[in-house]
Amino acid sequence: MTLTEKILARASGRKSVRAGENIWVSADVLMTHDVCGPGTIGVFKKEFGRNARVWDPKKVVIIPDHYIFSADRRSNRNVDTLREFAQEQGLEYFYDVIDDPTGKWVFDPSKGDVERQYGSKYAGVCHVALPEKGHTRPGEVLFGTDSHTCTAGAFNEFATGIGNTDAGFVLGTGKLLVKVPETIHFKLDGKMQDGVMAKDLILHVIGEIGFDGATYCAMQFDGPGAHEMSIDDRMTVANMAIESGGKNGIFEFDEKTAAYVDERCRRNGTKSEYTPVERDEEEHFLRELVIDLDALEPTVACHPNPAQRKLARELDEIKLDRAYIGSCTGGKTSDFLAFARVIKGNKVAIDTFGVPATPLIVNELKSINWDGASVWDILIEAGVKMTENAGCAACLGGPEDTFGRMNTPLKCISTTNRNFPGRMGHKESQVFLASPMTVAAGAIEGRITDPRRFI
Ligand code: SF4
């Protein structure tokens, strides 16, 4: 069996499963957020009754992160709905925006959108917060009401996005009927050159197979190149499995996985036992590709979808209006450090927005010092508009007052993961997906360019 089949077999109480079979799978964690949470709760109450209890309050994780820092009152209200549900159900893992359990969330635009407006529990973007807070464990099954739930495949778990109806069912039963996906195998050889990042790898892969090339398939990444990659890099790759239509992305377990997971579980007091899955000698793959990491170059996905692959050096003629670094794909500490490495000593030539994925990342960027200045201050000095209000922000557009949102038809280079028309705001705007280094180089030049010139 493949890694995905082994996890699904275990979660369904069977010795083995085959691709194409429909099986009942037990969830280890169900995650939802402010956009889909209220709908999921509505389905749960309608189908299981107004006084129904969730199947296991320790396995439900609620992370408001999407439409948070907006004066839109209906968006604010979504957070209140989550709080009421968490209190009613006694949910321990609700990462509220505010500290007052009797309060209401109201974003105050008069305080500006740069200084933090959240309390001590707020966790930021769910797919980065889940591992940070110790909710991702090897060998487990994670369902989430968000397509980029596949990020957690970096930790050797089966993680996939589901709709509100399915999530309502999981809330009530802890189970879901799942068709076992076929697996596409990506063997990673070699090591990425300086100036080439995990984002370049996944944009290369999506360009190779197409934005529907892995529809309902598991994407298994392994080989020596995968073991060379950091956990953050593996998260970036797994995150974008869905951009090829993948059901999930998955990596092998190794000492890096163990070190990361054990430390986060210990720090947060979450469940620390887990059983990883290892590769079998016999694995059936739908398709196999070998990727030579040494040969990769800075890569860009052009408008209007993530498979429009070009090399950054081929796009010199494309002038940019805006640059954006943030999101679950490209807003981690390591992403900002790579971005800052290119930016340091330069000034940005176009509007450039920086949105860390989580409050912890904000703190790290403020405490890491290079030559006597914090990385945060280095970015501000270069002209980057940095916000402490960690969250999804303009990655998916959001209400009109969202930080970094494109309200006019601009061209933006972005570390985010999706660039279908209108994704970051105006329906005629264009988004070019790239690595943090390539976004930094674009911000300095005001046009798309190869970042290796700057390092
Ligand atoms: S950062 Fe973007 S892709 Fe990630 S969860 Fe938020 S909206 Fe979705």
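Every read-out reported here was derived from the displayed coordinates using simple, explicitly stated rules and does not represent laboratory data. All values derive from a computational prediction rather than experimental measurement. We place every Cβ from the backbone using ideal geometry, glycine too, and count neighbours over all the protein chains shown.
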What does DSSP give for the stretch 299-454 in terms of the percent of beta bridges that are antiparallel, rounded to the nearest 5? 30
Return the calculated 222 nm mean residue ellipticity for the chain, to the nearest 500 deg cm²/dmol, obtained by summing -39500 (n - 2.57) across DSSP H runs with n ≥ 4 and dividing by the residue count. -8500 deg cm²/dmol
Only sites in a loop by DSSP and with at most 11 other Cβ atoms within 10 Å count here; which trypsin sites (Lys or Arg not before Pro) in the stretch 370-433 make the cut? Lys427
Out of the stretch 111-169, which GluC sites (Glu not before Pro) are coil in DSSP terms and have no more than 15 other C-beta atoms within 10 Å? Glu115
Restricting to the chain, compute how many DSSP beta bridges are antiparallel as a %, nearest 5. 20
Restricting attention to the stretch 1-102, which GluC sites (Glu not before Pro) occupy a DSSP loop and are surrounded by at most 14 other Cβ atoms within 10 Å? Glu92
